[in-house]
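The values are calculated or read from the model by the stated rules, or taken from the named source; none is laboratory data. Every value quoted in this text rests on a predicted model; they were computed, and no experiment measured them. Here the Cβ is made from the backbone with ideal geometry for all residues, glycine too, and neighbour counts use every protein chain on show.
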Amino acid sequence: MNYLLFIFYLLYRAGLIRYRHKSVIIDNREYNLEIADTTLKRALGLMYRKDIEDNSGLLIDFKHEADIEIWNYNMRFAIDLIYLNSNFEITKIYINMPSCKSIFKTLKVRGYGRYVIEIKHKKENVNIKNIKIL
């Protein structure tokens, strides 16, 4: 599976895989999020990327509410996770999921919801309270 994800990442970098985007306001800061709404896009997440812009990230749509597990394998920077239900209400926040380059040191974070927002970790994200989907 890891090789398949890496090939998918290479296709993404070559511009052959396109993401739709959604603007989101998180505590008065606007983010431009890529939408991961297919199995491969959800599995790839932000893996293999060296970095992302401070105002960008990923909105993962799991299509229905369930227990969701996010892991940090092949992440090259720390992220913050925001789990949302179908009404875009926050169900869980996990701050500062560290980067990980070894399968033996992965961290898995479990939460409940339909969506997960992954954004680059910043100190000011510690007190996230409001999310508005535009």
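Contact list please: Cβ distance under 9 Å, first residue in the stretch 123-134 and exposed (fewer than 13 other Cβ atoms within 10 Å of the Cβ), second residue outside any strand (DSSP E or B), pairs at least six apart or on different chains. Note: pairs meeting the criteria are E124/D27; N127/D27; K129/D27; N130/D27; N130/N28; K132/F88. In the stretch 78-85, the condition of being more than 27 Å from L134 (Cβ to Cβ), surrounded by 12 or more Cβ atoms within 10 Å (Cβ to Cβ) and without any contact (Cβ under 8 Å) to a residue 40 or more places away in the chain is met by no residue.
Inspect all residues belonging to the stretch 93-108 and state whether any of them is in contact with a Ser or Thr (Cβ under 7 Å, 6 or more places away or on another chain), at pLDDT below 95 and in a strand (DSSP E or B). For the stretch 93-108, residues in contact with a Ser or Thr (Cβ under 7 Å, 6 or more places away or on another chain), at pLDDT below 95 and in a strand (DSSP E or B): present. Could you list, in sequence order, all residues of the stretch 75-90 that are over 16 Å from D54 (Cβ atoms), part of a loop (DSSP other than H, G, I, E, B) and of a type in the set (A, V, I, L, M, F, W, C)? Residue satisfying the conditions is F88 alone.
Selection within the stretch 109-134: residues that are within 15 Å of the chain's Cα centre (by Cα) and outside any strand (DSSP E or B). The member of this set that is nearest to L46 (Cα to Cα) is H121. Tallying residues that are closer than 19 Å to V109 by Cα and in a strand (DSSP E or B) within the stretch 30-45 yields 1.
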